[in-house]
Amino acid sequence: MLELKGIYKWVNTGNHRTFLLKDVDLSVKAGEFISIMGPSGSGKSTLLNVIGMLDEFNEGEYNFLNEPVHKLKEKQRSALYKQYIGFVFQAYHLIDELTVYENIETPLIYQNIKSSDRKAIVADMLDRFQIVGKKDLFPTQLSGGQQQLVGIARALIANPKLLLADEPTGNLNSKQGEEIMNLFKQLNHEGMTIIQVTHSEKNAAYGSHIINLLDGMIQNN
Amino acid sequence: MFRNYLKITFRGLWKNKVFSAINISGLAIGMSSALLIFLWMQNEWSMDRFHKNEKRIYLMYNRDKDSRGETWAWPNTPKILASTLKKDYPEVEDVTRFNNITFLLSAGEKKLNKRGAFVDSGFLNIFSFPLLEGSPKNILKGSYSMVLTEKLAKALFGNEDAVGKIVRVDSVNNCTVTGVLKDLPGNTQFDFEYLLPWDYMHKLGWDDENWDNNSVKTYVLLKQGASASEFDSKIKDITINHTKGSPAASTTEVFTQPLSRAYLYAKSGNGKLVGGQIVTVRLFGIIAAFILLIACINFMNLSTARSEKRAKEVGIRKVVGAQKYSLVFQFLGESILISVLAFVIALFIVQISLGSFNQLVGKQLSIDYTNPLLWTFSLLFILFTGALAGSYPAFYLSAFRPVKVLKGAFKKANALITPRKALVTVQFTFAIILIISTIIVARQINYGAERQSGYNQNNLVYLFTQGDVDKHYQAIKNELLSSGVALSVTHSANPITQRWGDSWGFQWKGSTKADEKIDFLRMGSDAGFVKTMGLKLVEGRDIDIYNYPTDSNAILLNEAAVRAMHVKDPIGLTMHYTGDTNMFHVVGVIHDFIIESPFQKEISPMIVFGPGLDYFQVVHIRLNPEKPASAAIAGVQEIFKKYNPMYPPEYVFADESYAKKFKESERTGTLAALFAGLTIFISCMGLFGLATYMAESRIKEIGVRKVLGASVIGITSLLSRDFLKLVLVSFVIAAPIAWWAMSKWLDSYTYRIQMEWWVFLFAGIISLIIAMVTVSFQAIRAAIANPVKSLRTE
């Protein structure tokens, strides 16, 4: 599905260069569930953002579904991830002024899907996550677990091929965290490719594959 | 997509109620102030511009030098000018004279004192005052025809058709109504409720053919294609040529002023019409623009401050697939929508405040919703404001990489605080200028009001002599005195508070050719002038035709006249008009008193004539102070009614009439105060918003400082200090500008205050206090917040 070859990313502080990612090679096949682990500052989130095309890299090649991402323009890249990638964040990042329903609907609006079709798609999703009763509530009226559920529903609404999750359970208690991880596992069984960043050995174990990152370099594969 | 944006806009506004209220109402107040001024300016601009022939109509002006060698221009012309122009100059299509009068009109039982005008038959041909009935061609022919406005026709005849009806004018003549005019629009300088033919004035014996009696306005309609400048050069010496060889040979030149400039450019500067009302119109235009600018600045400041809170939303939207253009569309749309909302509120504010504003400016303004100019102007303004305010979040935030925005990385980019500080400085500069101006205007008015008028205004009333008052004057006077209502009565040429006429061309023993140019204000009295007015007699005695039969040619001079004439011993001096044998002899000198503007430092020379020269139209009465004013007035009315039953006795108190001299400057003062208040208010809103933003963006710093042991007072002063610095900078910029502008303004008054440093200091302190109160609320709130909370959110 995607392939990173010799990816470097750095920042210059003064005349000193700090590497965030150093010679990262990674290939992910469709249907995999990968957990990226590593201590704080090891470059986990940076790697995830590079994969999600939210962040640039300085050197290397990145092919996503046979498209050379490193050669694409900003607009084409954004069209690519808009269609194929869904994001889940540690802090949920829901829009506070929109209801659960409207938050989930937003990606569809940007994909220019007709209003009547949007209704049907969002209704299916609410049904699937069993949050129909909460559709008119605002994010602040929900618990953390529920908010993350909405976040995942929003990530899935546009039917992506790849789900990226940056410490999805980081702000949740263990019970809520477990529920979310079970949901991920189930999604993976249904065929969704998932890459998650996590601190927790336990959560990493849900994945089919663990990548350990240290100082921007992959330690094992 | 659009509905989604609308929803988020309104929810956002609702969620931040205080913020939204400040933002929208600030903009709305700014817009409504600008709209009011715009309406006023439009009215000023359109003054007498609606006449179909506007481009071909000219007002005739005179130009001459005074005794000091200064050249003046004035629009009062000889009555004979009009007929001469029409007779001798082929490019003149039509002419009309215009002379205001007030007559008692009666129809049946109705009796009304109304202001009208004598005009030539060409008046309605030249000017476009639409007739509801009658045709303009023949309407003012003959001596006893008359045209009424609709309002007056209604007042006299109710709903009956007025045409063909008889109106008794001044209870001496009957005039037939030959036409009814639509009521005059609000944007005309002409002031009349009825028109009478010039022939009527001729029949009354008020017409004359003297080239040196400048008393009426003359309007000329030039033929299509005629050149005004050629016409000007031909008529320049018309008065000089017609008086050549006579003893009173004139040096007065004649020129034309286009009607389109007649209202706005009526102030003479070195004999040219250089300014006047246009200065005020421009000044108000500048004020309107500044208030709009300040409101815009606010809106931008507050919107951008708030948009940083919305950075998260921008980030999320980008992550879930928003393109830059859709974010631009969303934010621009949102701020334009808010502008529209503010505009609707502004229209509402204008509608409800228009009544009081009209009273303030003395006009009848209304919003003409069919005026395309208004809509174009408003639409452009809404788009401009909305786009400007929305541009920061729209273009700046949406350009960020989403990850950075979500992580809050952009918060380091505090670059926008500097321009915001600049904007706040601009606002406060303007506010301080207006505060200083308001104080100086108020002090100047007060200065004029406190000036000694030179006579006793209390218990002094005057009435105009109408009908039989002249005939029974002696009886009326005797009865006023014997009944104890009045202490003293004088019959005089004009009211003590109004300058009506002036004369030059006098000679006396030892006078030079230059002295003939000395211009004397004219007053007149039969007897008891000094006593009735409460004047001081410097030397000699008062005019008294009852005890001194030769006093009909006696005159009083004021001290200014004596100074101008540089005579040592004025009593007994004889004076006469150049080329005239009628000799006037000086019997007394009176102390200077104010008859013109109290803001004019030099009191003009004045001659008070005995009854030999002037037709006396006013009775001044010094009421008995022992009696209550109401009882005294009732007594006066009763006596006048007894001898002059046809006319309702209408009296004027001298002090009230004098107070009208302050009306214009008081209007300026009230407007200055109003706009100063609004500007300060809007600026404070902006400052409040900025303080909120600053406190929020420094929340982490405040938290850290508190954890390290900073006190509430310490943090409050830390947060307030920056703003107070801005106000100080504003003050430094504002003070010299205000100084310059106000010395310009004060220049238009010769009797004026000195600008004092404490006014500036006071304005500075006031604005500091206002700013401090506004800012400290936010600062204290931020300072007392729990640091644990603020540190956790980061």
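The values are calculated or read from the model by the stated rules, or taken from the named source; none is laboratory data. Here the structure is a predicted model, which means the values were calculated and not measured. Please note: Cβ atoms are built from the backbone with ideal geometry, for glycine as well, and neighbour counts cover all protein chains shown.
Results, tabulated for the structure shown:
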read-out: One residue from A:Leu98, A:Leu108, A:Leu48 being under 30 Å from A:Asp136 (Cα atoms) and in a helix (DSSP H, G or I); value: A:Leu108
read-out: Failed item, numbered, when B:Tyr58 is tested on (1) at pLDDT 95 or above; (2) closer than 17 Å to B:Asn213 by Cβ; value: (2)
read-out: The one condition in (1) modelled with pLDDT under 90; (2) under 17 Å from A:Ile152 (Cβ atoms); (3) more than 9 Å from every other protein chain (Cβ to nearest Cβ) that A:Tyr101 fails to fulfil; value: (1)
read-out: Residue satisfying all of: in the range B:305-344; under 22 Å from B:Val403 (Cβ atoms) and of a type in the set (Ser, Thr, Tyr); nearest to the other protein chains (Cβ to nearest Cβ) among these; value: B:Ser326
read-out: Conditions (1) modelled with pLDDT of 85 or more; (2) surrounded by 15 or more Cβ atoms within 10 Å (Cβ to Cβ); (3) in a loop (DSSP other than H, G, I, E, B): number failed by B:Asp212; value: (1)
read-out: Unique match (being among the aromatic types (Phe, Trp, Tyr), under 15 Å from B:Gln466 (Cβ atoms) and not in a helix (DSSP H, G or I)) among B:Phe599, B:Phe616; value: B:Phe616
read-out: Subset of the range A:65-79 [outside any loop (DSSP other than H, G, I, E, B) and away from every other protein chain (no Cβ under 11 Å)]; value: A:Glu67, A:Pro68, A:Val69, A:His70, A:Lys71, A:Gln76, A:Arg77
read-out: Residue count, the range A:95-138 (criterion: under 16 Å from B:Phe2 (Cα atoms) and small (Gly, Ala, Ser)); value: 2
read-out: Pairs, first in the same structural domain as B:Ala493 (by TED's automatic domain parsing) in the range B:538-561, second basic (Lys, Arg), C-beta under 8 Å, six or more apart; value: B:Asp542/B:Lys531
read-out: Top-ranked residue of the range B:9-19 - restricted to ones that are within 13 Å of another protein chain (Cβ to nearest Cβ) and without any contact (Cβ under 8 Å) to a residue 12 or more places away in the chain, ranked as surrounded by the most Cβ atoms within 10 Å (Cβ to Cβ); value: B:Arg11
read-out: Options B:Ile294, B:Ile316: the member that is crowded, with 24+ Cβ neighbours inside 10 Å and over 26 Å from the mean Cα position of the chain (by Cα); value: B:Ile316
read-out: Residues satisfying the stated conditions in the range B:414-471, i.e. surrounded by fewer than 16 Cβ atoms within 10 Å (Cβ to Cβ) and touching a Pro at 6+ places or on another chain (Cβ under 7 Å); value: B:Arg451
read-out: Subset of the range A:51-64 [within 14 Å of chain B (Cβ to nearest Cβ) and either outside any loop (DSSP other than H, G, I, E, B) or of a type outside the set (A, V, I, L, M) (or both)]; value: A:Ile51, A:Gly52, A:Asp55, A:Glu56, A:Phe57
read-out: Condition check for A:Ser40: within 14 Å of another protein chain (Cβ to nearest Cβ) and among the hydroxyl-bearing types (Ser, Thr, Tyr); value: no
read-out: Criterion violated by B:Gln323 - all others in (1) within 30 Å of A:Thr106 (Cα to Cα); (2) touching a residue at least 24 places away in the same chain (Cβ under 8 Å) satisfied; value: (2)
read-out: Verdict on A:Asn112 being out of contact with any helix residue (DSSP H, G or I) (no Cβ under 8 Å at 6 or more places or on another chain), more than 13 Å from chain B (Cβ to nearest Cβ) and of a type in the set (S, T, N, Q); value: no
read-out: Subset of the range B:135-156 [assigned to a loop (DSSP other than H, G, I, E, B) and surrounded by 21 or more Cβ atoms within 10 Å (Cβ to Cβ)]; value: B:Ile139, B:Leu140
read-out: Residues (aromatic (Phe, Trp, Tyr), without any contact (Cβ under 8 Å) to a residue 60 or more places away in the chain and touching a helix residue (DSSP H, G or I) at 6+ places or on another chain (Cβ under 8 Å)) located in the range A:1-60; value: A:Phe57
read-out: Residue ID - nearest to the other protein chains (Cβ to nearest Cβ), chosen from residues in the range A:85-95 that are part of a loop (DSSP other than H, G, I, E, B) and not hydrophobic (A, V, I, L, M, F, W, C); value: A:His93
read-out: Failed criterion for B:Ser339 (all others in (1) in a helix (DSSP H, G or I); (2) exposed (fewer than 12 other Cβ atoms within 10 Å of the Cβ) hold); value: (2)
read-out: When residues of the range B:92-134 are limited to those that are surrounded by fewer than 18 Cβ atoms within 10 Å (Cβ to Cβ), assigned to a loop (DSSP other than H, G, I, E, B) and not small (Gly, Ala, Ser), the one modelled with the highest pLDDT; value: B:Pro130
read-out: Residue count for the range A:134-193, restricted to those that are in contact with a strand residue (DSSP E or B) (Cβ under 8 Å, 6 or more places away or on another chain), among the basic types (Lys, Arg) and assigned to a loop (DSSP other than H, G, I, E, B); value: 1
read-out: Yes/no for A:Lys82 being under 28 Å from A:Gly31 (Cβ atoms), more than 9 Å from chain B (Cβ to nearest Cβ) and in contact (Cβ under 8 Å) with a residue 12 or more places away in the chain; value: no
read-out: Selection from the range B:252-279 of residues that are under 14 Å from the mean Cα position of the chain (by Cα), surrounded by 17 or more Cβ atoms within 10 Å (Cβ to Cβ) and in contact (Cβ under 8 Å) with a residue 40 or more places away in the chain; value: B:Tyr263, B:Leu264, B:Ala266
read-out: Selection count where residues are in contact (Cβ under 8 Å) with a residue 60 or more places away in the chain and more than 22 Å from B:Ser683 (Cβ to Cβ), scope the range B:281-308; value: 1
